[in-house]
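Structure record follows, encoded as structure tokens.
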């Protein structure tokens, strides 16, 4: 695979100077704060129910190995 | 052997908070995000054979989710030929909740990143995937991922106007430079 033209490389090869570590840290911290807030939201019932249904359906169809 | 691991259900439910956070951050619409997560779970369940035992379940699920998101997005863009900057309206932002100002600004800035930048920054910066894992998930080269993460950081920094030395801290090298400069 991919000797001649590697499509995965196509974009954004031009490099930009990396941000100083300290600033990376400040940004990373904000990002994680915002993200953790989302992760901490309670999981709606619909997902528990969905997985139960998927499992149930499989159990019903089950047996064929 | 149809006997699937007893706790597949438990494993999957355990990833839901992360999948939701990722979906929400990408598309900025909680309802759509939950639909994405639902699609992801259904696809994962029915394609379980495609999952290699011992590999990273979370990475696999994230791959399904982002592929679903981007293929939907392409379809939508084709359908709605973007009348009057509808696209701008669709630009996603991390949903706002009860948060302090810093984060509101941050979310706004985050919303202005491109989808490509958002996803890698979330994978690497928020979820803690390695660059290699993020490259696999997004089907891009590692170098591309690194450069996208860097661009995302630079763009956020520009939008937020962070300055070095604002927070007391870590990197001795930079502190040294700042001192040297201000001493003139």
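The values are calculated or read from the model by the stated rules, or taken from the named source; none is laboratory data. Only a predicted model underlies this, so the values are computations on that prediction, with no experimental measurement involved. Here Cβ is always computed from backbone atoms with ideal geometry, including for glycine, and neighbour counts include all displayed protein chains.
Would you mind finding the one in B:73, B:61 that is surrounded by 15 or more Cβ atoms within 10 Å (Cβ to Cβ) and modelled with pLDDT of 85 or more?
Sole residue among the options that is surrounded by 15 or more Cβ atoms within 10 Å (Cβ to Cβ) and modelled with pLDDT of 85 or more: B:61.
Here is a yes/no grid of residues against (1) at pLDDT below 90; (2) surrounded by 10 or more Cβ atoms within 10 Å (Cβ to Cβ); (3) in contact with a helix residue (DSSP H, G or I) (Cβ under 7 Å, 6 or more places away or on another chain); (4) under 30 Å from residue B:13 (Cα atoms):
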site	(1), (2), (3), (4)
A:15	yes, yes, yes, no
A:19	yes, yes, yes, no
A:52	no, yes, no, yes
A:56	yes, yes, no, yes
